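Here is the structure we will look at, set down as structure tokens.
The values are calculated or read from the model by the stated rules, or taken from the named source; none is laboratory data. The model shown is predicted, which means the values in this text are computed figures rather than measured ones. Reconstructed Cβ throughout: ideal geometry from the backbone, glycine too, with neighbour counts over all protein chains shown.
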Amino acid sequence: MQHSSGSSRGSLRAATLGAAAMVAAAVACGTDGGATKGTPGAGPGATVPSTPVTEGPAPGSPASPASPPSTMSSTPRVDENGPTPVAPSVAGADDGAGVPPPEAEETPPADDATNVLDPGTQGDGDFVIGPDYPRDPALTDRGAPRGRDFQFSMSSADSAIFKGDDATLNADQRHPFTRQINVYVPAEYVDGSAAPILVIHDGPGPLELVKRALDNLTIEQDPARRLPAFIAIAVANGGSDSKGSERGLEYDTMSDRFARFIDTEVLPAVLANPDVRAAYPQLDFTSDPEGKATMGCSSGGAAALSMGWFRPDLFRRIITYSGTFVDQQDDDAPEESSYPLGAWDYHSGLSLIANSEPKPLRIFQHVSDMDNGANAPEADHHNWVIANQRTAAALRSKGYHYRFLFAQNAGHCSGKLYDLTLAETLLWAWRGYPVE
């Protein structure tokens, strides 16, 4: 594990990524020798032409990102969990963005039903990872008992929320469609218990790696590294991409619409599926929002954040990779009148995070040095690096439990990022939730 100065290697576990030794050497964090740990990225003064508004992998490799700011003290904050990197300065962020997360105090259970406790600040903060990305052994087949897989489809004709006929859709996108649903019930789930869940966008996505994490980490002997036996539900998008598409409508719209779709249509469909019901006659999902997580990459990451932001009564554990916190909302969406810059308004423009009372959310973020629009000017509102840095800074300044990874030598939604980080991301996201 290298520090941001590039001068030494350390233990992944000591930096709270906690994977095996072969993975430990790949994740950077902390400060050393007077250097500030930073998350480099293009500044607002960049003059490179903006990238297209589609979300595909960033074409080519952009020019070297700007060096991280070096004006902040390099002294790490030290608490009972060991050193935590000092957060970097972020261009254009609100005052206080460089303040580390506050120390957590012991609190009573947040919910009597699940006895959820504030897990403290272990693993919170800003980290640099890369340039190498070995697979975490926890994401490999170790011979652990496997759960059960299920797959079925949902038709837009049966939906009251996304029927494929929205006026904001391009003409060639207005049509009925079906979406695939993949479900994984881990071996440790006990039929009849109210299971926590993880909803994965752009399904199946990284479901196979999530399954291996569940197999291995639900039976981990160390309680600090044990996952709850959550049920993974991977939901395919409605099709196509960018503005005017069904996927864009579902994921990039600033509203609770997609959260309601998952809550009122997808989850009941899983519980009612004949194959699922035959295998688990008493299957149930927890009603506690602390037991409901959501995960996505790119616009799927924006959807994950919006689900929690607009409906924290439903979803509170948020995982975003290469989150599209940019102006990707349909220009003719009714929500434009309230959020004219789309998800860019989370951190800039309206600065929703900074200007709102903190919500009971636990939020993981990632962005890569070669992510979409890495050298695009700020004025285009399509620079993923600036967007994610500012989102992390806003979360930090408001005292959220957040974790932000800046990936070196990586692009938009690169699969190798999951290989290295997904097990630790899941463990961090579920901290504080009771495990058997």
Subset tally (residues that are aliphatic (A, V, I, L, M) and under 20 Å from residue 168 (Cβ atoms)) for the stretch 296-349: 7
Residue match in the stretch 421-435 (condition: surrounded by fewer than 24 Cβ atoms within 10 Å (Cβ to Cβ) and either farther than 29 Å from residue 227 by Cβ or without any contact (Cβ under 8 Å) to a residue 40 or more places away in the chain (or both)): no
Tally, over the stretch 88-141, of residues that are more than 21 Å from residue 396 (Cβ to Cβ), modelled with pLDDT of 50 or more and not hydrophobic (A, V, I, L, M, F, W, C): 12
Any hit, the stretch 241-253, residues being in contact with a Leu (Cβ under 7 Å, 6 or more places away or on another chain) and surrounded by fewer than 20 Cβ atoms within 10 Å (Cβ to Cβ): yes
First in the stretch 128-152 and closer than 29 Å to residue 385 by Cα, second anywhere and surrounded by 15 or more Cβ atoms within 10 Å (Cβ to Cβ) and among the hydroxyl-bearing types (Ser, Thr, Tyr), Cβ under 6 Å, 6 or more apart: 128/4
Elements of type helices (runs of 4 or more DSSP H) contained in the stretch 194-275, each with 2 or more residues being touching a Pro at 6+ places or on another chain (Cβ under 9 Å) and closer than 25 Å to residue 433 by Cβ: 207-217
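Is it the case, given these coordinates, that residue 264 is over 30 Å from residue 187 (Cα atoms), modelled with pLDDT of 95 or more and of a type in the set (Ser, Thr, Tyr)?
no
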Test set (1) hydroxyl-bearing (Ser, Thr, Tyr); (2) part of a helix (DSSP H, G or I); (3) closer than 30 Å to residue 189 by Cβ - residue 287 fails condition number: (2)
Members of the stretch 270-289 that are touching a strand residue (DSSP E or B) at 6+ places or on another chain (Cβ under 6 Å) and either hydrophobic (A, V, I, L, M, F, W, C) or under 14 Å from residue 195 (Cα atoms) (or both): 270, 276, 279, 284, 285, 286, 288
Pairs where the first residue, in the stretch 325-339, is under 17 Å from residue 349 (Cα atoms) and the second is among the aromatic types (Phe, Trp, Tyr) and assigned to a helix (DSSP H, G or I), C-beta under 6 Å, 6+ apart: 325/346; 326/344; 327/344
Filtered residue count, the stretch 260-301, keeping only those that are among the basic types (Lys, Arg) and closer than 19 Å to residue 246 by Cα: 1
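When you look at residue 312, is it within 16 Å of the chain's Cα centre (by Cα), assigned to a loop (DSSP other than H, G, I, E, B) and in contact (Cβ under 8 Å) with a residue 12 or more places away in the chain, yes or no?
Values: within 16 Å of the chain's Cα centre (by Cα): yes; assigned to a loop (DSSP other than H, G, I, E, B): yes; in contact (Cβ under 8 Å) with a residue 12 or more places away in the chain: yes.
It is true that residue 312 is within 16 Å of the chain's Cα centre (by Cα), assigned to a loop (DSSP other than H, G, I, E, B) and in contact (Cβ under 8 Å) with a residue 12 or more places away in the chain.
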Selection within the stretch 342-375 - in a loop (DSSP other than H, G, I, E, B), more than 27 Å from residue 288 (Cα to Cα) and in contact (Cβ under 8 Å) with a residue 40 or more places away in the chain: 347, 348, 351, 371, 372, 373, 374, 375
